[in-house]
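Please find one structure pasted underneath; my questions will follow.
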């Protein structure tokens, strides 16, 4: 196999880069150790920042967010719900910061409008009575799964290739160049070699590990962020706490639910991390001071992601590090065709891709300009199943009583699952419950896979995709993975739901035996 | 008041799961004037309909109990805190025997090996150990043991059961199986959870004949036919017999996901028998409060539309279940008993409620939380003595048991129901 550009990492940056290069006519292959959005891209609050959050401590990020969010709203409307956002302060919050906020926004050209207390409460009735200030901004919600899937789909339509579940095991060097990349396909254990002209390391928090395989040093600081998913949506718009960025100060809509985030905990390595009970308690308590309803809310899941932060100077605390990104050309370290792009955030993914593609193209001698600033992101029908709340709308409209639902919480019909299975098979990727869940809403509702996990497994047998007792080991794996997100939020009705789930999976099926 | 019970009741049972039903049954059989109260129709649709006595002990070693009674003897020795140990082997045996007889009287026959657990295959294709199964499942138990040639059928639109999955998953233990997808010979109402509609439809002889016609062409060498548990809500044996007569081989049911037809069947049959015996069943009413006078409970306050209603009794049994049933409720800081705020034995902090892995063989400590009781199954107050002289507790609400992991749910419900009723009778003499 060979390619002009090998992109390592199928998060939103790698996906955006693949599309950018493909639109410039450059051939690329995206390799991913796990699956799409397996890292930070799949574990964030789905927030398209207006920039207002960064006005006080990260002005470059603030301006980048301002420009990029406007572009994306125009070019990728299918991935965005333009909810608008509020910055709110409650009694006890720093009044100096509140007073400074509109001036800082104006300084960076970020539109902001002060609201009277009553206006804010009318817009968002769930806000606390202790509200003392509210400003309206242009924040929005973005669906990170759809965003990556659409970018990759468009790239593939222009000749790019995606290899998931393929891990980098080494780089073959020839002088100052990487000549080939060695991969191991996790399913088959087979090793493959891809001859390359350029390599891009877009592995987020893993950028340091991947770079070290090429003998390079990329100092990454890993910062864990935990978020909560509510059972029902709490607000119409994104609610930010009007204070210096801290824990539990953003509540963003995610279609039919709300996401409450985040924490910031330093990690030694980007190892898989679990949300903890103390983080969950911190988030609930902090967010409830803006939105009291969150104190008694039913949460269906918690999740944690790892932010890749850039280690600049001697900074140790995650919050004060820049949310900006870097494109490292590694030339001083003696490599002329290896680029690392890391840091950043979902709002600036397109810009990260553009800057990276500019460097790669100049090295390749490609002069075609970046087109992602002007060409709308194409939308493939199959990717719509990632959209929260869409499946119930379609189902109600079609009223097809012959069409069984495999996931009742999110009302995902069998035909949608079949479409996804067919697509996964045509690409030769592994076919399992997690891969299907990533590309749809299956398993994301309040049962968290207790029922649909089993039904999906049954359906895979029906289609002949599973044999012997393969389905059981898949189901156990699926249940153990979802447990990470459930364990810290098990109280109230979700604990009752969990009791039912254990009675089914252990009491009846005996999966633990 | 007058419309619920003419006179003061002997016993009020709160809760309509298996423990509440069994308590009411034992009380009514003993001639007590009994009133059973529940807000919901109970959790029986969630019950598999299998009667577990003890399947696993010791739990952490995942040791299968071939003989449940030997298992219970060992459990009583190893875990003196377990509710079974409060009762002793003989009472549990007596309770079990009387309950099976009660079910038979109610028209539901259960089958089991003498002094040995039975093995059957669930809808997931996994093996389940249990003590007694509905007689409509029994041919499957025997079929598995003797590795008979069986045809397993499933139905279009019934997403909760796949014959192919069943056959593939259990294949190494029961190779002589074939799967066949059929179309259910009757129009169905909903989209999902079709099993209850199917069970209702099979009450009709015409639908049964059509089903037999649909099965017969695929029978070939099959010695028996397995299907999801849909053989009627009432009279399952007669429905099975009618099908068997038409297709010529035994038919067996396979336990499915909730809502479970065998669970509904248990509820229906027990409730009908209780009503025949004169028990008063109050449904859709929330028990708000228990009134007491010193160390005696005297009455239960029931929600009655906008007002309230007070029911007096000489004794009360709490069979309100756990979190799903509503007997326990958990906040972020602690677990509480919901009706009377009785002390709940529980792990010290939420951090310790659940283990890191869902399938950890040690089970989750939160599942052993619950009410602590004395030897008469009376909940304890903080001082370690019974909270009230005439308040008893039965079923999964009790502490120091993990019925899901030990596979002792029905046994726990039935034995503690029996224990509570007899403790009430003995103590009120």
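Please work out the C-alpha center-to-center distance from segment A:7-65 to segment A:402-454 and express it in whole Å.
The two parts, judged by their Cα centres, are 25 Å apart.
Still on this structure, please answer the following. Determine, for each peptide in B:299-306, A:42-49, the mean count of other beta carbons within 10 angstrom over its residues, then list the peptides with the highest first.
A:42-49, B:299-306
Related question: For chain B, find the longest principal axis of its Cα atoms and tell me its angle to the long axis of helix B:409-427, 0 to 90°, nearest 10.
30
Hey, another quick one. With a ≥ b ≥ c taken as the square roots of the eigenvalues of the C-alpha gyration tensor of chain A, please select rounded if a/c is under 1.5 and otherwise prolate if a/b is larger than b/c or oblate if it is not?
oblate
Taking every DSSP beta bridge that has both residues in chain A, what percent is antiparallel when rounded to the nearest 5?
So the antiparallel bridges amount to about 75 percent of the total.
Under a crude label model (7 Å from the Cα following the beta-carbon direction), how far is residue B:333 from residue B:235 in nanometres?
Output for this residue pair reads 5.8 nm.
What is the mean number of Cβ atoms from other protein chains located within 10 Å of the Cβ atom of each residue in peptide B:344-354, rounded to a whole number?
Mean shielding by partner chains, rounded to a whole number: 2.
Counting only other chains, and only Cβ atoms inside 10 Å, what mean value do you get across the residues of A:461-470?
5
Between the helical axis of B:68-78 and the dominant principal axis of chain B, each derived from Cα atoms, what acute angle in degrees is found, rounded to the nearest 10?
40
Still on this structure: Taking only the alpha-carbon atoms of segment A:68-147, what semi-axes of the equivalent ellipsoid follow from 5 times the gyration tensor eigenvalues under a square root, in whole Å, largest first?
Sorted largest first and rounded, they come to 26, 16, 10 Å.
I've got another one for you. Where does each of B:10-20, A:410-420 land if you order them by average Cβ count within 10 Å, highest first?
The most tightly packed comes first, giving B:10-20, A:410-420.
Can you sort A:32, A:499, B:309 from fewest to most other Cβ atoms within 10 Å of each residue's own Cβ?
Result, fewest neighbours first: B:309, A:499, A:32.
Need one word for segment B:93-215: rounded, prolate or oblate. Basis is the Cα gyration tensor (sqrt eigenvalues a ≥ b ≥ c); a/c below 1.5 gives rounded, then a/b vs b/c decides.
Oblate.
A further question follows. Find the Rg to Rh ratio for segment B:282-429, where Rh is the Kirkwood radius over alpha-carbon pairs and Rg uses the same atoms.
In segment B:282-429, Rg relative to Rh is 0.98.
For chain B, what is the convex hull volume of its Cα atoms per residue in Å³?
Spelled out: Cα convex hull of chain B, divided by residues, is 153 Å³.
Mind checking Rg over Rh on the protein assembly as shown, alpha carbons, Kirkwood formula for Rh?
1.02
Under the rule of -39500 (n - 2.57) per DSSP H run of 4 or more residues, summed and divided by the residues of chain A, what mean residue ellipticity at 222 nm is obtained, to the nearest 500 deg cm²/dmol?
-10000 deg cm²/dmol
Ignoring everything except DSSP H segments at least 4 long, calculate the 222 nm mean residue ellipticity for chain B; use -39,500 (n - 2.57) per segment, divide by total residues, nearest 500.
-9000 deg cm²/dmol
Taking chain B as a Gaussian network, where each spring joins two C-alpha atoms under 10 Å apart, which residue of B:370, B:248, B:315 fluctuates the most?
B:248
Tell me the Kirkwood hydrodynamic radius of segment B:196-334 in angstroms, computed as one over the mean inverse distance between distinct C-alpha pairs.
Computed over segment B:196-334, the radius equals 19.0 Å.
On to the next question. Taking Cα centroids, how far is segment A:116-153 from segment B:393-408 in Å?
46
Now for a separate question. Considering every Cα-Cα pair within segment A:381-508, what fraction, in whole percent, is farther apart than 22 Å?
36
Return the distance in nm (one decimal) between the two label points of a simple spin-label model at residue B:301 and residue A:423, each offset 7 Å from Cα along Cα→Cβ.
Modelled inter-label distance: 5.7 nm.
Could I ask something else about it? Would you mind classifying segment A:158-218 by shape? Square roots of the alpha carbon gyration tensor eigenvalues, ordered a ≥ b ≥ c; an a/c under 1.5 is rounded, otherwise it is prolate if a/b is larger than b/c and oblate if not.
rounded
Ok, one more. So for B:126, B:40, A:374, B:169, fewest C-beta neighbours within 10 Å to most, what's the order?
Lowest to highest Cβ neighbour count: A:374, B:40, B:126, B:169.
Starting from the 7 Å offset along Cα-to-Cβ, what nm value, one decimal, do you get for the label separation of residue B:40 and residue B:209?
Reported label-point gap for residue B:40 and residue B:209 is 4.1 nm.
How large is the direction-averaged shadow of the alpha-carbon convex hull of segment B:174-228, in nm²?
Its average projected convex-hull area is 4.5 nm².
What is the packing order of peptides B:328-334, B:75-81, A:220-226, B:260-266, taking the mean over residues of other C-beta atoms within 10 Å and listing the highest first?
B:260-266, A:220-226, B:328-334, B:75-81
In whole angstrom, how far apart do the alpha carbon centroids of segment B:68-126 and segment B:152-169 sit?
Their Cα centres are 30 Å away from one another.
What is the order of B:338, A:342, fewest Cβ neighbours within 10 Å to most?
Sorted ascending by nearby Cβ count, the order is B:338, A:342.
Please compute, for peptide B:255-265, the average count of beta-carbon atoms on other protein chains lying within 10 Å of each residue's beta-carbon.
Average neighbour count from other chains, rounded to a whole number: 2.
Bear in mind these aren't lab numbers, they're just calculated from the coordinates by the rules spelled out. This structure is a prediction, so every number in the text was calculated from the model and none was measured. Every residue, glycine among them, receives a Cβ derived from its backbone with ideal geometry; neighbour counts consider all protein chains shown.
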